[in-house]
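**Student:** Mind having a look at this structure? Questions to follow.
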There are 2 protein chains.
Amino acid sequence: MRGIPESLNQLINEFSRLPGIGKKTAERLAIYILKTNQDKVLPFSDAIVNVKNQIKLHDLCHSFMEDSECVICNDLSRNNQILCILKDPTDIFIIEKTGYNGLYHILGGLISPMDGIGPDELNFKSLFKRVESFNEVIIALEPSSEGDATTSYIAEELKKIDIIVSRLARGVPVGASFDYVDEVTLTHSLNDRVKYK
Amino acid sequence: MRGIPESLNQLINEFSRLPGIGKKTAERLAIYILKTNQDKVLPFSDAIVNVKNQIKLHDLCHSFMEDSECVICNDLSRNNQILCILKDPTDIFIIEKTGYNGLYHILGGLISPMDGIGPDELNFKSLFKRVESFNEVIIALEPSSEGDATTSYIAEELKKIDIIVSRLARGVPVGASFDYVDEVTLTHSLNDRVKYK
C-alpha cells in the first residue's frame, strides 16, 4: 500500500495469513502493534518463538510437552486407568475443558487409504504397547469416513484384550433447534440414545 | 488452563490482548502458530519486532518513516501544493486509500484543555513554519469537541496568511439509510450541502 512503511506492510501481511483474519483486521492489529509500547510488544514476539522452540511431542503419548516433561502423563492427580485416543495434540485442549481427567494417546492423523495413510504411518505401535495398563479406552475421533474407519480399526484391534472400549456419543448439539440438525446426526442421536434409570 | 503447555498459554494471553480478539479466537490463533512450520512463523515474530524498531517519526511532517527516509515527503510524484492535517500518523493510511496525493502534517493529538493539552504540546510550530509553501490546507480531524476546537484554532491562525483552508465534509455515510443516521450528522450534511452545477 502507498504511504505505508514497508515493515508495517510486512506485519499486515503476516497477520492476514492467520486463519479468520482478513485484510482489514490485519491492518487494525498491525497498527495496534505499531502504537503499543515496545515493552508490551516484545513479549508477544517472544511468545511466538517460544511456542515453536519449547514445545515438543512426548514419545509416549505424542501430546505436547515442554521442558522435557509431559504435563499430562506426569500429573499424578489424573486417573491413569482411562485413556482417550485423539487425532491431534491440539484436540486435548477442548477435551480438557470438559473436565476429563484421564490420560491421552495422540494418533497424529487418521487412517486414509486415499492419502496413503495406513496404521503404520500413525502412532499405533506405541498405543498397543501401553494400552493394556488401562481399564477403559475412549476413542474420540471426528465423525468422518476416516474417523469412523480409524475408530473401527482400533475397536477391532482392542477386542483381543480385556478392556472397555467406548466412543463419543453423536447427537443433537446443546442449544441446537431440531430445525437446524441434519437427519444423519439425528439418526446417530437416536442410535446413541441413553436410558433413563 | 490445565493440560496446556505454559508457552502456549502465554501466546494465547498475548493474542487475547489484541483489540477485538477474544479468548476463543486467541486460542485458535495460538494453536495455528503451534501447528505451523517454524519457517513460516519466525517471519511473523520478526515483523512485530521490526515494526517497533524500524519505524520512526519524521521531524518535518511527523508521520512514520523507515530507513531515515520519509516515503511521503520524499515522493516527488506527490502534489506538494496541498497539505492534509491529521491527528495521528496512522490516520494517513485511511486517507491514502481515498487517492489523496498531497502531503501530510501530523499534529500528534488534539487541543484538549481538560487534559492539559494546549497548542504547545502539539506539532504546531513545525506546521506554521512549513505551511506558507502550500496553496491549500485540508484540516481532516475527527468531528468531536476536541477535533472542532483544534480545527477552529488552525483555521484562525491560518487566516493571517494567504492560503485556502478547508475541512472534511460531514454527512450521511455512503450506504447508510436515513433511519440510522443521527440528526446531528444530518444537520451537518444539510449545512455542507453541495450545489449541482
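**Student:** Can you find even one residue in region A:101-110 that is of a type in the set (A, V, I, L, M), part of a loop (DSSP other than H, G, I, E, B) and under 17 Å from the mean Cα position of the chain (by Cα)? Quick ask: steps written out before the conclusion?
**Tutor:** In the first step, residues of region A:101-110 are kept if they are of a type in the set (A, V, I, L, M); the result is A:103, A:106-107, A:110.
Restricting the remaining residues to those that are part of a loop (DSSP other than H, G, I, E, B) gives A:107, A:110.
Checking the rest, the ones that are also under 17 Å from the mean Cα position of the chain (by Cα) come to A:107, A:110.
There is at least one residue in region A:101-110 that is of a type in the set (A, V, I, L, M), part of a loop (DSSP other than H, G, I, E, B) and under 17 Å from the mean Cα position of the chain (by Cα).
**Student:** Could you tell me which residue of region A:134-145 is surrounded by the fewest Cβ atoms within 10 Å (Cβ to Cβ), considering only residues that are over 17 Å from A:Asp88 (Cβ atoms) and not aliphatic (A, V, I, L, M)? Please lay out each step first, then the result.
**Tutor:** Initially, region A:134-145 is screened for residues over 17 Å from A:Asp88 (Cβ atoms), giving A:134-137, A:145.
This time we only want the ones that are not aliphatic (A, V, I, L, M), so: A:134-136, A:145.
Working: A:Phe134: 19, A:Asn135: 13, A:Glu136: 14, A:Ser145: 11.
Applying the filter and picking the extreme gives A:Ser145.
**Student:** Testing B:Ile72 on (1) within 26 Å of the chain's Cα centre (by Cα); (2) more than 7 Å from chain A (Cβ to nearest Cβ); (3) farther than 21 Å from A:Glu14 by Cβ, one condition comes back false. Which one is that?
**Tutor:** So the condition that B:Ile72 fails would be (2).
**Student:** Identify all residues within region B:146-186 that are assigned by TED's automatic domain parsing to the domain that holds B:Ile92 and surrounded by fewer than 11 Cβ atoms within 10 Å (Cβ to Cβ); write none if there are none.
**Tutor:** Within region B:146-186, B:Glu156, B:Lys159, B:Lys160, B:Asp162 meet the criteria.
**Student:** Hey, another quick one. Assuming B:Asp148 fulfils every condition listed in (1) assigned to a helix (DSSP H, G or I); (2) within 12 Å of the chain's Cα centre (by Cα) apart from one, which condition is it?
**Tutor:** Just one mismatch for B:Asp148, condition (2).
**Student:** Any residue in region B:14-33 that is over 23 Å from B:Pro89 (Cβ atoms), more than 8 Å from chain A (Cβ to nearest Cβ) and acidic (Asp, Glu)?
**Tutor:** Among the residues of region B:14-33, not one is over 23 Å from B:Pro89 (Cβ atoms), more than 8 Å from chain A (Cβ to nearest Cβ) and acidic (Asp, Glu), which makes the answer no.
**Student:** So is B:Phe44 surrounded by 20 or more Cβ atoms within 10 Å (Cβ to Cβ), within 7 Å of chain A (Cβ to nearest Cβ) and out of contact with any strand residue (DSSP E or B) (no Cβ under 7 Å at 6 or more places or on another chain) or not?
**Tutor:** Yes.
**Student:** A further question follows. Please specify each residue of region A:28-44 satisfying the condition of being under 22 Å from B:Glu69 (Cα atoms) and in contact with a helix residue (DSSP H, G or I) (Cβ under 8 Å, 6 or more places away or on another chain).
**Tutor:** Those that are under 22 Å from B:Glu69 (Cα atoms) and in contact with a helix residue (DSSP H, G or I) (Cβ under 8 Å, 6 or more places away or on another chain): A:Ala30, A:Ile31, A:Ile33, A:Leu34, A:Gln38.
**Student:** Looking only at residues that are under 24 Å from the mean Cα position of the chain (by Cα) and of a type outside the set (Gly, Ala, Ser) in region B:187-197, which one is surrounded by the most Cβ atoms within 10 Å (Cβ to Cβ)? Outline the logic, then answer.
**Tutor:** Going through region B:187-197, the residues under 24 Å from the mean Cα position of the chain (by Cα) turn out to be B:188-189, B:192.
Going one step further and asking which of them are of a type outside the set (Gly, Ala, Ser), we end up with B:188, B:192.
Numbers: B:His188: 16, B:Asp192: 12.
Once the filter is applied, the top-ranked residue is B:His188.
**Student:** Anything in region B:47-64 that is facing another protein chain (nearest Cβ under 7 Å), touching a residue at least 12 places away in the same chain (Cβ under 8 Å) and aliphatic (A, V, I, L, M)? List them, or say none.
**Tutor:** To start, the set of residues in region B:47-64 that are facing another protein chain (nearest Cβ under 7 Å) comprises B:47-52, B:54-55, B:64.
Going one step further and asking which of them are touching a residue at least 12 places away in the same chain (Cβ under 8 Å), we end up with B:54, B:64.
Matches in region B:47-64: none.
**Student:** Look at region B:78-126 and say how many of its residues are within 14 Å of chain A (Cβ to nearest Cβ) and touching a residue at least 60 places away in the same chain (Cβ under 8 Å).
**Tutor:** So the count comes out to 1.
**Student:** Tell me, yes or no, whether region B:128-151 has at least one residue that is over 27 Å from B:Val172 (Cα atoms) and polar (S, T, N, Q). Spell out the reasoning first.
**Tutor:** Here is the first cut: in region B:128-151, the ones over 27 Å from B:Val172 (Cα atoms) are B:128-135.
Narrowing the set further to residues that are polar (S, T, N, Q) leaves B:133, B:135.
Yes, region B:128-151 contains at least one residue that is over 27 Å from B:Val172 (Cα atoms) and polar (S, T, N, Q).
**Student:** Still on this model: Consider A:Ile138 carefully, then state whether it is under 24 Å from A:Thr185 (Cβ atoms), assigned to a strand (DSSP E or B) and hydrophobic (A, V, I, L, M, F, W, C).
**Tutor:** Working: under 24 Å from A:Thr185 (Cβ atoms): yes; assigned to a strand (DSSP E or B): yes; hydrophobic (A, V, I, L, M, F, W, C): yes.
It is true that A:Ile138 is under 24 Å from A:Thr185 (Cβ atoms), assigned to a strand (DSSP E or B) and hydrophobic (A, V, I, L, M, F, W, C).
**Student:** Another question about this same structure. From B:Asn50, B:Asn101, B:Asn74, grab the single residue that is buried (at least 19 other Cβ atoms within 10 Å of the Cβ) and either closer than 22 Å to A:Ala30 by Cα or not acidic (Asp, Glu) (or both).
**Tutor:** Numbers: B:Asn101 fails: buried (at least 19 other Cβ atoms within 10 Å of the Cβ); B:Asn74 fails: buried (at least 19 other Cβ atoms within 10 Å of the Cβ).
The unique qualifying residue is B:Asn50.
**Student:** Here's another thing I want to ask about it. If you check every pair at least six apart or on different chains, which have Cβ atoms under 7 Å apart with a residue in region A:5-19 that is in contact (Cβ under 8 Å) with a residue 24 or more places away in the chain and under 11 Å from B:Ala47 (Cβ atoms) first and a residue that is buried (at least 19 other Cβ atoms within 10 Å of the Cβ) and small (Gly, Ala, Ser) second?
**Tutor:** These pairs meet every condition: A:Leu8/A:Ala30.
**Student:** Taking region A:1-13 on its own, how many of its residues are part of a helix (DSSP H, G or I), facing chain B (nearest Cβ under 7 Å) and either among the hydrophobic types (A, V, I, L, M, F, W, C) or surrounded by 16 or more Cβ atoms within 10 Å (Cβ to Cβ) (or both)? If you could, list the steps in order and put the result at the bottom.
**Tutor:** Keep residues of region A:1-13 that are part of a helix (DSSP H, G or I), which gives A:6-13.
From what's left, facing chain B (nearest Cβ under 7 Å): A:6-8, A:10-11.
Imposing the further condition that a residue be either among the hydrophobic types (A, V, I, L, M, F, W, C) or surrounded by 16 or more Cβ atoms within 10 Å (Cβ to Cβ) (or both) reduces the set to A:7-8, A:10-11.
Number of matching residues: 4.
**Student:** If a residue must be more than 21 Å from B:Val165 (Cα to Cα) and surrounded by 14 or more Cβ atoms within 10 Å (Cβ to Cβ), how many such residues does region B:111-133 contain?
**Tutor:** We begin by selecting, within region B:111-133, every residue more than 21 Å from B:Val165 (Cα to Cα); these are B:112-118, B:120-121.
Cutting the leftovers down to surrounded by 14 or more Cβ atoms within 10 Å (Cβ to Cβ) gives us B:112, B:117, B:121.
Summing the residues that are more than 21 Å from B:Val165 (Cα to Cα) and surrounded by 14 or more Cβ atoms within 10 Å (Cβ to Cβ) in region B:111-133 gives 3.
**Student:** Quick one: which of A:Asp59, A:Asp88 is of a type in the set (Asp, Glu), surrounded by 13 or more Cβ atoms within 10 Å (Cβ to Cβ) and not in a helix (DSSP H, G or I)? Walk me through how you get there before you give the answer.
**Tutor:** Details: A:Asp59 fails: surrounded by 13 or more Cβ atoms within 10 Å (Cβ to Cβ).
Answer to the selection: A:Asp88.
**Student:** Go through region A:69-108 and report how many residues are out of contact with any His (no Cβ under 9 Å at 6 or more places or on another chain) and at positive phi.
**Tutor:** Residues in region A:69-108 being out of contact with any His (no Cβ under 9 Å at 6 or more places or on another chain) and at positive phi: 1 in total.
The values are calculated or read from the model by the stated rules, or taken from the named source; none is laboratory data. Every value quoted in this text rests on a predicted model; they were computed, and no experiment measured them. All Cβ positions, even for glycine, are placed from backbone atoms using ideal geometry, and neighbour counts span all protein chains on display.
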